[in-house]
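Chemist: Please find one structure pasted underneath; my questions will follow.
Each value in this text was obtained by applying a stated rule to the coordinates, not by laboratory testing. Model, not experiment: these values are computed from the prediction. Positions of Cβ are backbone-derived with ideal geometry, glycine not excepted, and every protein chain shown enters the neighbour counts.
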Amino acid sequence: MRRAGVLALCLIALVQLPAVADDSLVTFDGGIGVVPVSNVAGAANADGTFPNVSRNDVRGVGPGGQPWVIRSLKADVKLDGRVSVDGRGLLLGGGNGIGTNGGQSVQARLSCGTAAFNSGLVALEANGDFRIDDVLNPLPPTACSTPILLIVGGGGRWFAAGIPKLND
């Protein structure tokens, strides 16, 4: 009889384990580098520039001044505000500094609708790799509508965005 009771408790614990283990608010798998201009209009000027240029702003955050590329990005934001980001190969994709990290430090910025939540800054390694393990400030809500994760430089411009992972 005692064994049956212990077995029943073990089964209950195993059944509840997946619910306890998944305390993620939102996850991201994959990344998109920034293209600073979303569109141009009007006839080209003699020097090849355009009179009307629209920046690629995302929820009020302006883009980096040059294109940036990212090889891979994985991020997980927990319900308690902890954020883990593993970024690989975040490098300049244009200009005279092409293929370098531009001497940048970056942070994660989670946007839930119109509210934004930030991690602290970490320096990019020479090859563009970075790791963020922090707690978002302020703490995000327990539900995040239309989540966007931006990788933002110390100057407040975005360099990359996470691709939301859909639940299977």
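Chemist: With everything on Cα atoms, drop me the angle between helix 2-21 and the longest principal axis of the chain, reported from 0 to 90° to the nearest 10.
Modeler: The angle comes out near 10 degrees.
Chemist: Please list the three semi-axes, largest first and in whole Å, of the ellipsoid equivalent to the chain, using sqrt of 5 times the eigenvalues of its alpha carbon gyration tensor.
Modeler: Largest first, the chain gives 41, 17, 13 Å.
Chemist: So how do 72-78, 93-99 stack up, highest first, on mean other-Cβ count within 10 Å?
Modeler: Highest mean packing first, the order is 72-78, 93-99.
Chemist: For the chain, give the magnitude of the charge dipole about the Cα centre (Cβ charges: +1 Lys/Arg, -1 Asp/Glu; no others), in debye to the nearest 20.
Modeler: 240 debye
Chemist: Using only the alpha-carbon atoms of the range 60-106, report the extent along each of the three principal axes, biggest first, to the nearest angstrom.
Modeler: Answer, in whole Å and largest first: 41, 25, 15 Å.
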